[in-house]
Structure formats: structure tokens, C-alpha cells
Amino acid sequence: MDFSNVSDLISPKEFEQVKAFILKNGDKMTYRNFDNNNPHFKFSNCEVFLGADIGQGNINNDPDISNFNQLTITNWNSKIMYYELVIVRKGDLKAEKAWVKKGMKEEQIYLVDNYGVGLELMKNNLTNYLKQIKEEIIATNNG
């Protein structure tokens, strides 16, 4: 398996809160050759990008065309640069949404290891990124 359930680290509700925060407060930036203009926000310890749930069917990541089910945390200065999180919403399996892999279950969040760096190591590091992201969102919303 190249993915692991991390719903205990970030709940579906928290995933949606991060997504909404980025769409409201972020900008757009292209970070990969797959698509363009990804919704983006620069936190103090990482950058976060959203990916459309219909993949290249929304190549410019327009929120009016589709939802976002991929949240990629990046740290360009780290040995592990990408932490891809995928939310599987109710109905996503039947709809065959982008990024969803065989074996994933609905209403869960998954960490995907696309580069074979090791899910346990990734999960340990992910905790620090998520903690900082949540703290900065709370501070911004309360500011």
C-alpha cells in the first residue's frame, strides 16, 4: 500500500476548513506539470496547494468547475518535499474522483506516498506541519 489513513491526524472537517481557508485567503500558483493555477497558501513552515477532484478536467483549478480533494503540503527545503493528502467524500468512490485509489474508504483522509519515502516517517513529520497549519488558521481567523 502506498497510502495510509490519517483521519486521526486531520479529520474530514479539518480538511474542509483548511481548503476553505486557502480558497479565501490564498493565491494561485503552479507547482507541478500536471495542472495550473493551484489554490495556494504559504504558512510559516510549509506551502499548501489544492488539487481539483476531477484532475485535468479542471486543469486550471477553477473552484467554480469542481471541488478540491487533494491537499499537498510542500517544504522545498526538506528531504521529504511533498505530503499529499486526499479526502474521500461520500459518493467519491462511485464517481471515480481523481486521486482516489483502490482500497480507500469514503469519509476518510489519506496520506499518499508517491515517492517511496516511507509512510511512517511521513506521518511523523506530517504531525508538525498540521499543527502549525491549524495554529495559523486559528490565529488568522481570530485576528
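The values are calculated or read from the model by the stated rules, or taken from the named source; none is laboratory data. Remember, predicted model here, so these are calculated numbers, not experimental data. FYI the Cβ positions are ideal-geometry reconstructions off the backbone, even for glycines, and counts take in every protein chain you see. Side chains are part of the model used for accessible areas, which takes the heavy atoms of the whole protein and leaves out ligands, DNA and RNA. Shrake-Rupley method; radii C 1.70, N 1.55, O 1.52, S 1.80 Å.
Annotation note: of I22, I65, the sole residue that is in contact with a strand residue (DSSP E or B) (Cβ under 9 Å, 6 or more places away or on another chain) and either modelled with pLDDT of 95 or more or among the hydroxyl-bearing types (S, T, Y) (or both) is I22. In a loop (DSSP other than H, G, I, E, B) and polar (S, T, N, Q): which single residue out of N69, N128, N33 fits that description? When all the criteria are applied, what remains is N33. Report yes if some residue within segment 125-138 is touching a Lys or Arg at 6+ places or on another chain (Cβ under 7 Å) and either of a type in the set (D, E) or under 26 Å from N25 (Cβ atoms) (or both); otherwise report no. Scanning segment 125-138 turns up no residue that is touching a Lys or Arg at 6+ places or on another chain (Cβ under 7 Å) and either of a type in the set (D, E) or under 26 Å from N25 (Cβ atoms) (or both).
Counting just the residues of segment 126-143 that are more than 22 Å from Y83 (Cα to Cα) and open to solvent by 70 Å² or more (accessible area, probe 1.4 Å), which one comes out modelled with the lowest pLDDT?
G143
Taking each residue of segment 94-109 that is touching a residue at least 12 places away in the same chain (Cβ under 8 Å) and looking for partners that are loosely packed, with under 11 Cβ neighbours inside 10 Å and charged (D, E, K, R) with beta-carbon atoms closer than 7 Å, six or more apart or interchain, yields E106/K90; E107/K90.
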